[in-house]
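Only the coordinates and a few stated rules stand behind these numbers; no lab work does. This is a predicted model, so every value here is computed, not measured. Every residue, glycine as well, gets a Cβ built from its backbone with ideal geometry; the counts of neighbours run over all protein chains shown.
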Amino acid sequence: MPILGTGIIPSGALGAELTALTRRAFIPKLVVQIYQATPLTSALMANAQMASGGVNAVTVPVQGSAFVQTQASDYTGTFNQPQVTNGATNAEFNLKLIVTPIPFLGMEGAVQINAAIVPIIEARMNDAGNSATEYVATKLFNNATDGLDIVGLPGAVDDTTAYGNINPLQNSQTWWEALVIANSPAVAPTRNLMLQYIAQTTKNSGGEMPNFGVMGMGTWTKLAQDFTSQEQYRITPDSSFDQSPNGARALFTALMVAGVPFYCDPYMPEGELYLLNTNYTSFYIHEDAAFAFTGFESTLPNFQIGYIGALLTILEFVVTKRKVNTFVSGLTHSF
């Protein structure tokens, strides 16, 4: 409905007449309002590995115990007879299918041809990619169950749940446990506390440091406040900040602690932190269904004039070494 009676547009009958006789001035763009940027999902997509078909399309042999045993000897060089031990297990993952249907009614095309401000089919095609990405990001941060959806961080970075067809609670397979830290009562995230978590993760993993930290926007802001009071500004002699076109630079995009960058992600629940090692963490995407479009098919067999297509993505979020990652809960946040 047009807005009447504001600005230079009159109200009442005169405004209605003007509306009926005057074209509107459209901006030929569709401004998306409903999605969020997700740094972690983008990073995992950029570092995604290709997978193909087969049952358990991603199968990773993992070593959970020693294959051989070292022993001391004497001048004679004798040693005990070695025992053949079972040290390897397969971590197995099935790929998950994500479908984004794209409809196109026949009459939509007839109405919009040579008259479209924003072609509706282009808007739907663009929205299909955004919708699929948001779905993946939501499951990545919230899903712990291995079912139809990808197993997200809550299921992959844990110390009790089965993951990759390996249950850490069976046969004392503690090597398949991530480090889980629950703070009660909640504590404020600080640089010293983050350093402690990094050291704990490194010790738990056998010496491998995490290289990526992710937390919610409010939790990240709370951590940033511990950096702000330590900032220093240095002025070039005979100069001042007002002479710099960018002014004084304050705070950071990523908070760096002991060489580990901490990022904020809008999909991440507040009060939580994941410390990850991206050498063992990535998406595996089917080589023939990496956001692949099926093409449009007629809906005439369903007694309707129109077309329908689908954007297909077959993938799984895979962590091949659980113990190098840490999940922390019970952190305070600013909002």
Checklist entry - Which shape class applies to the range 36-120: rounded if a/c is under 1.5, otherwise prolate when a/b exceeds b/c and oblate if not, where a ≥ b ≥ c are the square roots of the Cα gyration tensor eigenvalues? => result prolate
Item to check | Normalised contact order of the range 51-116, rounded percent, pairs of Cα under 8 Å and 6 or more residues apart | outcome: 39 percent
Next on the checklist: Running a GNM on the chain with Cα contacts under 10 Å, which residue among Asn325, Asn171, Asn192 ends up with the highest mean-square fluctuation?
Outcome noted: Asn171
Item to check | Shape call, the chain: gyration tensor on alpha carbons, a/c limit 1.5 | outcome: oblate
Checklist entry - Among Gly271, Leu300, Asn204, whose Cα sits farthest toward the positive end of the charge dipole of the chain (+1 at Cβ of Lys/Arg, -1 at Cβ of Asp/Glu, about the Cα centre)? => result Gly271
Item to check | Residue among Gly15, Gly309, Gly106 with the largest mean-square fluctuation in a Gaussian network model of the chain, springs linking Cα atoms under 10 Å | outcome: Gly15
Checklist outcome for this item: With label points set 7 Å from each Cα along the Cα-to-Cβ direction at Val31 and Ala144, the distance between them in nm comes to 4.0 nm
Checklist outcome for this item: Relative contact order as a percentage, the range 79-225, C-alpha pairs under 8 Å and 6+ apart, gives 15 percent
Checklist entry - For the range 103-169, max minus min Cα coordinate along each principal axis, in Å, sorted largest first? => result 64, 18, 12
Next on the checklist: Using a Gaussian network model on the chain with a 10 Å cutoff between Cα atoms, which of Leu315, Leu21, Leu179 fluctuates the most?
Outcome noted: Leu21
Item to check | Förster radius 56 Å - calculated FRET efficiency between Lys203 and Arg23 (Cβ-Cβ, nearest 0.05) | outcome: 0.20
Item to check | Two-site FRET efficiency, Gln173 against Glu287, from Cβ-Cβ distance with R₀ of 22 Å, rounded to 0.05 | outcome: 0.10
Next on the checklist: Given an 8 Å cut-off on Cα distances and at least 6 residues of separation, report the relative contact order of the chain as a percent.
Outcome noted: 25 percent
Next on the checklist: What does the C-alpha gyration tensor say about the overall shape of the range 267-335? Classify as rounded when a/c is under 1.5, otherwise prolate if a/b is larger than b/c, or oblate.
Outcome noted: oblate
